[in-house]
Amino acid sequence: MKMRIRRLGRKYLDLELSVGDNLRARVVERPGRWMPPDDLARMVDDLRVVAATTLGGDSLDYGVLTGDIDRLNDAILTVLYEGESRQPVGFNALSLLTLDLRGRPEEVLHTGLVMVDPEFQGRGFSWVLSGLSVVLTFFHRQLRPLWITNVTQVPAVFGLIVESFDDVFPARLKDRRTYRHLEIARQVMGNHRHVFGVAQEAGFDPERFIITNAYTGGSDNLKKTYSQAPKHRHDEYNAMCGEQLDYERGDDFLQIGQMNLRTGRRYLLRAVPRSSLWSILSRGLFLLGGSVIVPAVQWFSPGTQLGELRPWNH
C-alpha cells in the first residue's frame, strides 16, 4: 500500500492512500478552515453523490452534506475514490465537538455518518471507513485518550462501537453509566444535536442514553425498521437494540466511549489487513513525531533561528 502526504501542517491532516485494487482514500481534517473554496465545494459534491447513490436517489440535509462552512470547519472527512476518474464511492464524516470537561475545553470526536455505494459494499475496506481517521486523529493528538460519541439504531454499528472502543456506554444491559458519560451526553444533546440531524423536539432518556423521535432534524431518510437494520454477529447486541429501541417512533442510542492506546493497538492488529499494517503504523508514528518530537527539539533550541516553526507563532 502506498500513501502520500498531500498536506501536513502543524494543525490539520490531508493525506491520501491506496486501499485496494483501483481504490484510494483521502483523509482531510477541518477542510473548511484551509481548503480553497472550489476544492471544498467539489468534495461536498462528492459526498452528496455517494449519499444519493446509497439512498437510491434520496438526499440528506444535515451535517457536512449541507455544505455549511461551520460543519466543515470541525469535520474530519474520509472519501473513497475509484480509478483515474476519481469517482466517489464511499465516505466517513466525523465531527470534532468542543465540550467543557473538568473545567476546560476538550475535543470529543463524533463518529458521524458512513455511506458506501451499494456496488462497493462487502469488498473488505470497511477498516478504512470505520476506523482509519479515528486512529490517525489519535496519533496526531499525541496518543492522548480521546472521547468518542456515536448515534445509531443499527445493531451492527452498535456492536462495532462496543467492540472497537473502551469504556463504552451503553454497551450491555447490565452496564452502568459514569458521571463522565452523563456529563458528555448532556452537553452533546444540549449543544450539538444538529451535528447528527436530531431536532430540538427529540427527547432523551438519561438513564438508558436513548434519543426518542430522533429522525426529525434532517436525517429522516436514515430511519429504518428493525428488520431493515443490519444485524451484528453477536445476538446480544441485536437483542438489546430490538428490546430497548422503538423503531416505529424512531429511536437511537447515544453511545459514549474512549479511544486510547489499548483500542488503537486492537484496531491495528485486528482490523487493518496485514499487508497495510506497517504502512499505517509508520504514518502514525510520523504524525506522532510531528506533534511531539519536532516541537520538543524546537523548544530546546532557543538559540536557533526557526522563525515560523516556533510554537508561539501559531
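What is the gain in length, in nm to one decimal, between Asp246 and Asp58 on full extension, counting 0.36 nm per residue of separation less the C-alpha to C-alpha distance? Intermediate results must be reported in sequence, preceding the final value.
Working: separation 188, 0.36 × 188 = 67.68 nm, distance 2.37 nm.
Between Asp246 and Asp58, full extension yields an extra 65.3 nm.
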- For the stretch 145-272, what does the alpha-carbon gyration tensor say about shape, rounded, prolate or oblate, given a ≥ b ≥ c as the root eigenvalues, a/c under 1.5 as rounded, and a/b over b/c as prolate? oblate
- Message: Suppose a student asked you for the relative contact order of the stretch 12-85, using Cα pairs under 8 Å spaced at least 6 residues apart; what percent would you report?
- Response: 43
- Item | Those GluC sites (Glu not before Pro) in the stretch 76-135 that DSSP places in a loop and that have at most 15 other beta carbons within 10 Å | Glu84
- Note on the structure: Distance in nm between Asn73 and His234 label points, each 7 Å along Cα→Cβ, equals 4.0
- Pull out the extension gain between Asn22 and Asp205, defined as 0.36 nm times the separation in residues minus the alpha carbon to alpha carbon distance; nm, one decimal. 61.4 nm
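Please identify every one of the GluC sites (Glu not before Pro) in the stretch 170-219 that sits in a loop by DSSP and has no more than 12 other beta carbons within 10 Å of its own beta carbon. Spell out each step's value before the answer.
On the way: sites: Glu183, Glu201, Glu207; in loops: Glu201, Glu207.
Filter output for the stretch 170-219: Glu201, Glu207.
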- Item | Approximate spin-label separation Glu163-Gln87, in nm, with each point projected 7 Å along Cα-to-Cβ | 3.1
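Throughout, read-outs are computed from the coordinates displayed, never taken from laboratory work. Please read all numbers here as calculations on a predicted model, not as lab measurements. Here Cβ is always computed from backbone atoms with ideal geometry, including for glycine, and neighbour counts include all displayed protein chains.
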